[in-house]
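The values are calculated or read from the model by the stated rules, or taken from the named source; none is laboratory data. Since this is a predicted model, take the numbers as computed values, not measurements. Ideal geometry is used to build each Cβ from the backbone, glycine not excepted, and the neighbour counts take in all protein chains shown.
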Amino acid sequence: MMIVMQEQATEEQIEEVTQSLAKLGFDVHRSTGALRTVLGAIGGNRTFDQRLVEVMDGVSEVHRITEPYKLASRTFKPERTVVQVGDLRIGGDEVIVMAGPCSAETEEQVGETAAAVKKAGASVLRGGAFKPRSSPYSFQGLGEDGLKMLRGAADDQQMKLVSEVMDISQIELVGKYSDILQVGARNMQNYTLLRELGRTKKPILLKRGISATIEEWLLSAEYILAGGNSDVILCERGIRTFETYTRNTMDISAIPVVHKLSHLPIVADPSHGIGIRDKVAPMARASLAAGADALIIEVHCNPDQAMSDGAQSLYPDQFDRLMGELRIIAPAIGRSICRESLHGKALLR
């Protein structure tokens, strides 16, 4: 249920409505817009008479939310959510680019790649220290040593860091080093992990499951939102279909669909979405044109020798060329590519 307060509603009236709903068994979430405050009431008694709320002081209107994902829906929050990560705003007019290696391997590899992607215009370093691999014999990541390498490189380049958390036991450790916690495709429906991430204060980048519908994806986001963490960023990274030529099928159509259904920002991951190096740039360009709020791209200075996902990682010069192309596309759709200078100030190119 969504309760829209009047423009002139006082803080006392808002609090009175909140407390009344809580006493009736509702879990109340508040969203404050430019003009009005909206209260999302989750749970409670299905036979509850909403007219009891409609007559309360300060209430403008009450609506039932029909979508199964309540807090993630546009019904609850019509305006876009912008997730603030330091000085970066994910979901605004500026498109954020995240780039870096699939995995941290050595300090030299991480530092060289971070310097290259920053020079090209990326503002967030991506990299894994804990790697969920299909085979138990594949490289599993360097753990905390990898996180230290990534944090050090991000700090050297004055970048933010996003890295994956695979288990509840890793939340504190990964959160110590990372600015954004990533939930990978394999964990999209790990509801125990999602509930715990809902209690954190770090932004969460939630990747779409390999065979998940958009509704299932938004319901997973709902677990985090319901826990109290409103800084959720969705990530389209391709889904499994009958096609075998590419690693996955990049569902670019999900980008405008999600924008219609949800207020949450969405990132496109063409590296995992297509899995073939020379196809990553076309999918990145298309994703930007479709409305992606950010891009996350794998880059490696020597991808042929990479310990994971080398076949889909761009060379630095390919990434640099792609950034130039994205700067041409962005203005055509009323956006710009955000870049942080060496002094930490935003530059638009």
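Tabulated data for the structure shown
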read-out: Matching option when the condition is touching a strand residue (DSSP E or B) at 6+ places or on another chain (Cβ under 7 Å), closer than 20 Å to V162 by Cα and among the β-branched types (V, I, T), among I233, I239, I255; value: I233
read-out: Filtered residues of segment 241-268 (kept if part of a helix (DSSP H, G or I) and more than 12 Å from G291 (Cβ to Cβ)); value: L261
read-out: Candidate set from segment 114-148 (those that are under 27 Å from M188 (Cβ atoms) and aliphatic (A, V, I, L, M)); member that is modelled with the lowest pLDDT; value: L142
read-out: Selection within segment 194-208 - in contact with an Asp or Glu (Cβ under 7 Å, 6 or more places away or on another chain) and free of Cβ contacts under 8 Å to residues at least 60 places away in the same chain; value: I204, R208
read-out: Per-region count, segment 304-327, residues part of a loop (DSSP other than H, G, I, E, B) and of a type in the set (S, T, N, Q); value: 2
read-out: Test: residue in segment 124-140 that is under 13 Å from the mean Cα position of the chain (by Cα) and surrounded by 24 or more Cβ atoms within 10 Å (Cβ to Cβ); value: yes
read-out: Among the residues listed as E107, E112, E144, the single one being surrounded by fewer than 24 Cβ atoms within 10 Å (Cβ to Cβ) and touching a Gly at 6+ places or on another chain (Cβ under 9 Å); value: E107
read-out: Output for segment 209-227, where each listed residue is closer than 16 Å to R30 by Cα, small (G, A, S) and without any contact (Cβ under 8 Å) to a residue 60 or more places away in the chain; value: G227
read-out: Filter result (on the phi < 0 side of the Ramachandran plot and buried (at least 17 other Cβ atoms within 10 Å of the Cβ)) within segment 231-248; value: D231, V232, I233, L234, C235, E236, R237, I239, R247, N248
read-out: Criterion violated by N229 - all others in (1) in a helix (DSSP H, G or I); (2) in contact with a helix residue (DSSP H, G or I) (Cβ under 7 Å, 6 or more places away or on another chain); (3) under 25 Å from G86 (Cα atoms) satisfied; value: (1)
read-out: Any chance E79 is over 22 Å from A284 (Cβ atoms) and more than 22 Å from the chain's Cα centre (by Cα); value: no
read-out: Test result for K70, under 30 Å from S336 (Cβ atoms), in a loop (DSSP other than H, G, I, E, B) and either modelled with pLDDT under 90 or not assigned by TED's automatic domain parsing to the domain that holds E222 (or both); value: no
